[in-house]
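The values are calculated or read from the model by the stated rules, or taken from the named source; none is laboratory data. What you are looking at is a predicted structure, and each value in this text was computed from that prediction instead of being measured. With ideal geometry, Cβ positions are generated from the backbone for all residues, glycine too; neighbour counts draw on all protein chains shown. Protein only, heavy atoms only, side chains kept; ligands, DNA and RNA dropped before computing areas. Shrake-Rupley method; radii C 1.70, N 1.55, O 1.52, S 1.80 Å.
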Amino acid sequence: MTSSLTLRAAVVSVALFVAFMLAWHVATRGTSAVQQMDPEYAKLMGLTATQGKSAMPGPLDVGAKLWEHLRQPFYDKGPNDKGVGIQLAYSIARVALGYMLAVLVAIPIGFLIGMSPLMSKALDPFIQILKPISPLAWMPLALYTIKDSSMSAIFVIFICSLWPMMINTVFGVASVRREWLNVAKTLEVGTIRRAFTIILPAAAPTILTGMRISIGIAWLVIVAAEMLVGGTGIGYFVWNEWNNLSITNVINAILLIGVVGMVLDLILARLTRLVTFPE
Amino acid sequence: MTHKFISIEGIAKRFPKAGGGFTTVFEDLWLPMQRGDFTCIIGHSGCGKTTVLNILAGLDAPSSGAVIVDNQAIEGPSLDRAVIFQTHALLPWRTVMGNVAYAVSSKWRKWKTQRVRERAQKFIDLVGLNGAESKRPAELSGGMKQRVGIARALSIEPKIMLMDEPFSALDALTRGTLQDEVRRICLETGQTVFMITHDVDEAIYLADRILLMTNGPHAVLAEVVENPLPKDRVRAEVHKHPLYYPVRNHIIDFLVSRSKSFATDMRGKHDPRNVPVVRPGLAEPAVREATVITPSWPGLSRPSTSSPR
């Protein structure tokens, strides 16, 4: 067999997917006996009781609903009925805003801390204590001080993206190879030029790795944050559909959250590859 | 008195020891260098060769003493003194052109890109790397990387080129070719060079003067060997010269036995300012009287200096 590894892996992936779908389909087909009842009462009881249908939607139901969502992602029929496209756009916008703010704060500050061994040591205990705090624990404080639920969600994204980026920037800047710094010294390169031409490119792969960790965490946190603040966003959508008992929509939302998370990670992975240099 | 282009005047390096006191790596080192000199320094590990080079580069400060370049005490790194690092220290995210151009634009900050590239190209050609300008260091062999390092150092027209075992990481064949190149370039440009090496043959082939250091701690400059081989020596012939083996044996004898026993043998007799200059293999006198070095720094040794950086 000379088929490439990629091809063989693709075959296995498809096979696993088909097997999972079949198992899901079979498991949710519904086997309980159909009860005889008054047609008016049956209407109230729904399909679970009257046709023996499983309460858990099968892959075909989910697929059909997904198709419906994808055909019309951006409809807006009032506060409780918006297309998933709109909901995802809200979430992505919040993540983007909070994340960009974190980039603007974490990288310059991380740079300064990394260049000064004194500040590295002095600020380390603060960072170590602030880092493990669940970002959602900031939520009440944010709501109380900012007094705006949407801004609070953005603040939570900001605070959770901040630490991995800052820690990686500090580490990347502090561990630039001595010999490269010596090159800059013997060439009498000034501090600013050294920061941009030696330290930044040398630390860029580490910084980008921190940014990649951050975007992953931000996307995890936004769903939970939106469940709390409500109104819009994919997290709110999940909770709303749970309240509507629409498991089909919940599953669809889970799927879409996964896809968007993967895309965000791919973008950062691509950027990381751009600044990575082979040694 | 001849004009001293570079003058090492009584430098020493001491490190604080755990539990008080100091460890002296080397002490009271005096050495003048003329323009165009090719000086090699040989000694066992731990005698402070690299520290001497780093002090000359300005990357390290002596605990006492000073280094004078062109009548000015050095106060830190400078574009006057280019360093060729053992590990070549190229910037891996820049191309060959980018690495050399970085040095050129550091020296001439106001130059336009075109002019910088032209000058960089000139030195890339000089070390025989044309065609590889747009390659990154990771795509180059060890020898080619070190060529880039040499081009980068030469491109800024340094007063002195400091080489820290530049060829030690290379295989024997590449090392030979690069030694030839360095010798050709230095003869053509009249470049002053100070080089650390562990390789006696390399020192004899390249250097005009070979400095022998005793073992550390408390290392001293034991003698200066003047290379008696003709200036126009070629690699194919150099080992057949009648004076080749006398020089080589003299240096190896020193490294094997005298570098250890020097401190006890010469107790009280060694004058660090008047280090014997030896031309091995010549008929008497084997030891010529060197001129006593006068300091160009009136206060002589600076008191223990804190690092200027």
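Some points to look at:
- Filtered residues of the range B:39-61 (kept if open to solvent by less than 10 Å² (accessible area, probe 1.4 Å) and modelled with pLDDT of 90 or more): B:39, B:40, B:41, B:42, B:52, B:53, B:55, B:56, B:57, B:58
- Within the range A:257-279, the set of residues being within 14 Å of chain B (Cβ to nearest Cβ) and exposed (fewer than 11 other Cβ atoms within 10 Å of the Cβ) comprises A:273, A:274, A:278, A:279.
- The set of residues from the range B:216-257 being under 28 Å from residue B:11 (Cβ atoms), without any contact (Cβ under 8 Å) to a residue 24 or more places away in the chain and aliphatic (A, V, I, L, M) comprises just one member, B:256.
- Listed by first and then second residue, the pairs linking a residue in the range A:116-138 that is within 28 Å of residue A:154 (Cα to Cα) to a residue that is among the small types (Gly, Ala, Ser) and open to solvent by 50 Å² or more (accessible area, probe 1.4 Å), with Cβ atoms under 9 Å apart and 6 or more places separating them unless they lie on different chains, are A:120/A:174.
- Of the residues screened, residue B:18 is one that is open to solvent by 50 Å² or more (accessible area, probe 1.4 Å) and either at pLDDT 90 or above or of a type outside the set (Phe, Trp, Tyr) (or both).
- Residues of the range B:110-147 satisfying the condition of being within 12 Å of chain A (Cβ to nearest Cβ) and closer than 30 Å to residue B:45 by Cβ: B:137, B:138, B:140, B:145
- Qualifying residue in the range B:85-107 (condition: more than 24 Å from residue A:275 (Cα to Cα), more than 8 Å from every other protein chain (Cβ to nearest Cβ), buried (at least 17 other Cβ atoms within 10 Å of the Cβ) and touching a strand residue (DSSP E or B) at 6+ places or on another chain (Cβ under 7 Å)): yes
- Cβ-Cβ under 6 Å pairs, at least 6 apart or on other chains, the range B:105-126 side closer than 15 Å to residue A:188 by Cβ, far side surrounded by 13 or more Cβ atoms within 10 Å (Cβ to Cβ): B:105/B:116; B:106/A:187; B:106/A:189; B:107/B:79; B:107/B:156
Per-residue answers, yes or no, for (1) under 25 Å from residue A:204 (Cβ atoms); (2) aromatic (Phe, Trp, Tyr):
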position: B:67; (1), (2): no, no
position: B:79; (1), (2): no, no
position: B:93; (1), (2): yes, yes
position: B:100; (1), (2): yes, no
position: B:111; (1), (2): no, yes
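- Of the residues in the range A:200-208, not one is touching a residue at least 12 places away in the same chain (Cβ under 8 Å), β-branched (Val, Ile, Thr), crowded, with 17+ Cβ neighbours inside 10 Å and away from chain B (no Cβ under 14 Å).
- Elements of type helices (runs of 4 or more DSSP H) in the range A:137-253, at least 2 residues being more than 30 Å from residue B:61 (Cβ to Cβ): A:139-146, A:149-174, A:200-229, A:234-243
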